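> Can you keep this structure in mind? I'll have questions shortly.
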Amino acid sequence: MPKIPETGAQLLRRAARRRIRPLLGGSGALSVWQVGEALVPVAIGIIVDRAIIPLSIPALIISIIGLGVLFTVLSVVGYRFGARLCNAAREHEAHALRVEITHAALTAPSLPADRTSGEVLSIASADADTAAASFQQAGRGIASVLGMITAAVFLLIADPVTGLVVLIAVPIGLLIVALPGRSVSARATAQLEAVASAGRSASDLMHGLRVIKAMGGEPWAVRRYRTTSDAAADAGVATGERTGRLAGVGALVMSAVLAIVLIVAGLRLIDGQMSVGALIGILGMTAFLTEPMRALAEIVGLFAQSHGAADRIARLLTDLAEAAPTKVIPPTPARTSRPPNPESPSPDGPRTARPTSSPPPAAP
């Protein structure tokens with residue numbers, strides 16, 4: 001029997017191991033797309049230096065053809081197949097988690113005392129989808145990192161000072177953005193628990209609906225469900241608030257990094273230490289950096305939610321595996337009032353037939 005993951009991190013690592021082929025394929029294809037996007041401003045800078053400034057028609061024609069090939073590769077080969085493979089890994093893993101949760105719930109001797117069918121249904125649907133979304137986040141994250149590495153290499157080649165600024169400022173900005181990740185994970189876990197509680201309340205009310213109607217308890221049932229639903233809504237607002245704050249901090253930090261890069265590049269251009277094409281490439285690369293940086297800032301919050309959902313799934317599987325079997329009292333066999341068989345053996349010894357006395361004959 002395979003080992004049940006005890007934590008959300010173990011569950012996500014197990015999911016990555018059993019979907020390693022589509023994950024690597026999708027991440028590689030998305031990396032091709034992101035690197036191709038990073039090379040677009042480089043290609044434009046080369047076209048400016050080699051074709052537009054020298055007024056060379058043949059070089060311009062070759063540059064336009066090369067630019068078209070670049071866009072074809074990054075859109076068709078990169079994004080199309082990368083997104084398809086990552087989505088396939090996500091859907092297959094979500095299906096596998098739903099099947100695993102359902103199998104554990106149906107084969108367990110009994111549900112734990114603090115678990116109901118409504119909560120199990122909520123975890124098997126919403127939490128499974130949220131946990132499996134980590135494949136999309138992993139693919140986008142790997143592609144974003146490779147795109148940023150490509151941009152940093154180009155900046156180092158085009159202008160070492162500017163490239164060095166990027167290599168120093170970007171990791172610091174990513175570290176600042178990653179710090180609030182645990183807070184978002186905690187809020188996401190609380191939100192999923194509140195949603196599961198609302199589902200548990202709805203399931204209980206549906207099971208006892210006839211009794212509630214017979215007793216006239218509809219107002220009480222409405223108040224009870226409204227309380228749990230409002231708690232779930234408040235938890236969702238709190239999670240959205242933390243996620244929005246994280247995205248805002250990420251955008252602010254990355255905008256500061258981009259401003260520093262632009263200032264350094266502008267000073268280098270004023271000193272005459274770079275060409276016009278290099279300046280165009282640096283400006284385009286700096287503008288391109290906003291996409292992977294914002295994607296990474298968003299992925300941190302989304303991955304925190306996936307980790308919280310995976311942790312809830314792992315706890316449920318552990319609880320179902322440790323559930324105590326329900327004690328069943330065997331029925332007492334009914335006693336019959338049949339007369340004992342005189343020939344059957346008795347614990348006191350063999351039975352002997354006793355002569356029956358017949359009434360005396362009537363006198364003549």
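The values are calculated or read from the model by the stated rules, or taken from the named source; none is laboratory data. Since the structure is predicted, the reported quantities are computational estimates derived from the model, not experimental observations. Note: ideal-geometry Cβ built from the backbone for every residue, glycine included; neighbour counts use all protein chains shown. Areas reflect the complete protein model, heavy atoms only, side chains present, ligands, DNA and RNA absent. Shrake-Rupley method; radii C 1.70, N 1.55, O 1.52, S 1.80 Å.
> For a quick check of your reading of the model, give me the residue pairs whose first member lies in region 1-21 and is among the acidic types (Asp, Glu), whose second is at pLDDT 85 or above, with beta-carbon atoms closer than 7 Å and at least 6 apart or on different chains.
So the pair list comes out as Glu6/Ala314; Glu6/Thr318.
> Evaluate region 217-236: report whether one residue or more is open to solvent by 60 Å² or more (accessible area, probe 1.4 Å), closer than 23 Å to Asp114 by Cβ, under 22 Å from the mean Cα position of the chain (by Cα) and at pLDDT 75 or above.
There is at least one residue in region 217-236 that is open to solvent by 60 Å² or more (accessible area, probe 1.4 Å), closer than 23 Å to Asp114 by Cβ, under 22 Å from the mean Cα position of the chain (by Cα) and at pLDDT 75 or above.
> Also, I was wondering about something else. Do we have Leu74 as of a type in the set (A, V, I, L, M), more than 22 Å from Gly281 (Cβ to Cβ) and part of a helix (DSSP H, G or I) here?
Answer is no for this residue.
> Taking Val253, is it in a helix (DSSP H, G or I) and open to solvent by less than 50 Å² (accessible area, probe 1.4 Å)?
yes
> Look through region 142-167, keep the residues that are under 31 Å from the mean Cα position of the chain (by Cα) and open to solvent by 30 Å² or more (accessible area, probe 1.4 Å), and return whichever of them is farthest from Gly284 (Cα to Cα).
Filtering region 142-167 for residues that are under 31 Å from the mean Cα position of the chain (by Cα) and open to solvent by 30 Å² or more (accessible area, probe 1.4 Å), the one farthest from Gly284 (Cα to Cα) comes out as Ile142.
> Listed residues Ile280, Ile263; which is open to solvent by 40 Å² or more (accessible area, probe 1.4 Å), over 13 Å from Ile176 (Cα atoms), free of Cβ contacts under 8 Å to residues at least 40 places away in the same chain and in a helix (DSSP H, G or I)?
Ile263
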